[in-house]
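Here the structure is laid out as structure tokens; the discussion comes afterwards.
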Amino acid sequence: MHKVEAPTAALRVALTVFRLALTPPRMAPREIIKLPDPRLRLVSQPVSEVDEGIRSLVADMFETMYAAPGIGLAAIQVGVPRRIVTLDLAKKDEPKTPQVVINPEILWSSEERGIYEEGCLSIPELYEEVERPAQVKVRFTDLNGTIHEVDANGLLATCLQHEIDHLNGVLFIDHLSKLKRDRIIKKFTKAAKRAEV
Ligand SMILES: [Zn+2]
């Protein structure tokens with residue numbers, strides 16, 4: 001039998017550092033804000049530096065998006081007005097393809113238009129056909145600070161435009177007729193009031 005020494009201060013620090021290194025980024029799904037929450041109309045601010053706060057926000061956004069489930073999420077949809085989008089267009093039976101899009105800018109849009117039936121995690125269970133440019137060229141930064149330019153078409157083009165709209169306080173229902181949009185806003189406002197009671 002031998003006496004167990006209490007760990008020295010230096011050893012304690014080393015153990016803490018080791019433990020922190022082993023701890024994966026803490027992820028937690030966040031609440032998705034819904035129409036008519038006025039925060040959905042905010043213009044999000046650019047990200048100047050990818051720090052720990054941004055990394056953990058992005059981890060939470062993926063967690064939230066996959067749980068919903070959805071294929072795209074803008075930070076403002078979890079109430080954070082920063083120019084960050086998470087995307088994953090992989091189909092259910094395909095391996096995940098998470099993409100982080102920071103400070104996206106549309107550099108070019110085609111004259112040609114395309115129509116997709118769109119939905120939005122902030123406007124649940126509503127799907128409407130929306131017409132947008134069929135192709136776009138988008139510049140963005142990833143989580144490592146690398147700048148990318150993508151020529152997108154099809155679903156990716158639609159998804160990028162839908163999410164970039166969110167960063168500017170624009171919702172897909174803004175692309176519908178005023179009559180249709182007003183009807184939808186009224187319906188969701190009533191539902192929100194009912195949920196409050
Ligand atoms: Zn949306």
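Values quoted throughout were computed directly from the atomic coordinates according to the rules given, and no laboratory measurement underlies them. From a predicted model like this one, the values you see are computed outputs, not experimental measurements. Cβ atoms come from the backbone with ideal geometry, glycine included; neighbour counts cover every protein chain shown.
Annotations for the structure displayed:
- Residue that is surrounded by the fewest Cβ atoms within 10 Å (Cβ to Cβ) [pool: residues in region 140-150 that are part of a strand (DSSP E or B) and in contact with a helix residue (DSSP H, G or I) (Cβ under 9 Å, 6 or more places away or on another chain)]: 150
- Of all residues in region 162-174, those that are assigned to a helix (DSSP H, G or I) have Cβ atoms under 6 Å from Cβ atoms of residues that are more than 7 Å from the ligand (Cβ to nearest atom) and among the polar types (S, T, N, Q), 6 or more apart or on another chain, in 167/44.
- Verdict on residue 155 being among the aliphatic types (A, V, I, L, M) and either in a strand (DSSP E or B) or away from the ligand (no atom under 16 Å from the Cβ) (or both): no
- Flag for residue 146 being farther than 20 Å from residue 81 by Cα, among the polar types (S, T, N, Q) and either away from the ligand (no atom under 12 Å from the Cβ) or over 18 Å from the mean Cα position of the chain (by Cα) (or both): yes
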